[in-house]
1. Only residues that are small (G, A, S), surrounded by 15 or more Cβ atoms within 10 Å (Cβ to Cβ) and within 14 Å of I105 (Cα to Cα): list them for segment 135-155, please.
2. Show the residue pairs that are 6+ apart or on different chains and have beta-carbon atoms under 7 Å apart, the first residue being within segment 153-174 and free of Cβ contacts under 8 Å to residues at least 60 places away in the same chain, the second being crowded, with 17+ Cβ neighbours inside 10 Å and hydrophobic (A, V, I, L, M, F, W, C).
3. Under 15 Å from T178 (Cα atoms), β-branched (V, I, T) and buried (at least 20 other Cβ atoms within 10 Å of the Cβ): does that describe V110?
4. Only residues that are part of a strand (DSSP E or B) and out of contact with any strand residue (DSSP E or B) (no Cβ under 8 Å at 6 or more places or on another chain): list them for segment 187-232, please.
5. Scan segment 130-148 and tell me whether some residue there is of a type in the set (A, V, I, L, M, F, W, C), more than 41 Å from the chain's Cα centre (by Cα) and in a strand (DSSP E or B).
6. Tally up the residues in segment 149-186 that are out of contact with any Cys (no Cβ under 9 Å at 6 or more places or on another chain) and part of a helix (DSSP H, G or I), please.
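Derivation of every value follows stated rules applied to the coordinates shown; laboratory data play no part. The structure presented is a predicted model; accordingly, all values stated were derived computationally and were not measured. Ideal geometry is used to build each Cβ from the backbone, glycine not excepted, and the neighbour counts take in all protein chains shown.
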Amino acid sequence: MIFKNRLCISLCLSVFFLSFAIVSNAQTRSRIVATPESQPTNTQGSTDKVKRNVMSSPTTNASQRPVLMNNITVVKQNQATQPLVKKTVDSKSTSSILNTNSHLIYTPNVNQRLMLSIQSKLGIPYLYGSMGPNRYDCSSFVWKVFQEAGISFTRTSARTFWNDFEPVYGDDRFKFGTLVFFNKLGHVGIVADENGFYQASSSKGITYSPFKGYWEKRIVGYRRIPADYQPK
């Protein structure tokens, strides 16, 4: 029993001295501390190195950026392009459409001047071949009235007026200023309305006459002066 106790004590002492020797040896070794390369130092060389690294970085080098491969098309401002919406309605204004009407020569102002000229001649005697101002025949009366209203054309015969001016039908026949022809184109007058007309009568001179009765049976047709009429 005594022998076992001594052996145990000897083993413990041996382990103690061995551990002490190992610790003492570790404390006597020289320590080496390595400076991380990633830490900057306060030297000119290290500063230049950092600058070179930054300049060579792919994220800051413009020459190494990916090249845009898509084609770029520049559209000029005045270049014609197809409209996005197809026009289905005429874009002309109402006034421009009305201006194509050949009867616009008969404006309210023109009609007023026509009436003033007619009224100033009522009662003037008839004389065949006369051009006024004291005598008129049927064609010279029509010519003079329109001339004084600002619409110029050559003074000629009723038949020539028929050939030169525009035919009208329907309601246009009875609008003021329309020319009405009688007796196989041997006579012409100016329509007042659907009831009558103004004429140079061989028996009454310049006068208003109703259609009903004598004259309605002798009507050949009606004409109006087109807006684009050019005297021949």
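1. So in segment 135-155, the residues small (G, A, S) come out as 139-140, 149-150, 152.
Right, trim to surrounded by 15 or more Cβ atoms within 10 Å (Cβ to Cβ) and you get 139-140, 149.
Once the filter is applied, which keeps residues that are small (G, A, S), surrounded by 15 or more Cβ atoms within 10 Å (Cβ to Cβ) and within 14 Å of I105 (Cα to Cα), segment 135-155 yields only A149.
2. Cβ pairs passing all conditions: R155/W143; A158/C138; A158/F181; A158/V188; F174/V191.
3. On the way: under 15 Å from T178 (Cα atoms): yes; β-branched (V, I, T): yes; buried (at least 20 other Cβ atoms within 10 Å of the Cβ): no.
No; evaluated as a whole, the condition is false for this residue.
4. Initially, segment 187-232 is screened for residues part of a strand (DSSP E or B), giving 187-193, 196-201, 205-210, 219-224.
D193, the sole residue that qualifies.
5. First, pick out the residues of segment 130-148 that are of a type in the set (A, V, I, L, M, F, W, C): 131, 138, 141-143, 145-146.
Still in the list and also more than 41 Å from the chain's Cα centre (by Cα): 131, 138, 141-143, 145.
Applying the additional criterion that residues be in a strand (DSSP E or B) yields 131.
Checked segment 130-148: at least one residue is of a type in the set (A, V, I, L, M, F, W, C), more than 41 Å from the chain's Cα centre (by Cα) and in a strand (DSSP E or B).
6. Adding up the residues that qualify gives 14.
Residues are listed down the side, and each one gets a yes or a no for (1) closer than 17 Å to M115 by Cα; (2) crowded, with 20+ Cβ neighbours inside 10 Å; (3) among the aromatic types (F, W, Y):
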position	(1), (2), (3)
S157	no, no, no
F161	no, yes, yes
E194	yes, no, no
Y222	no, yes, yes
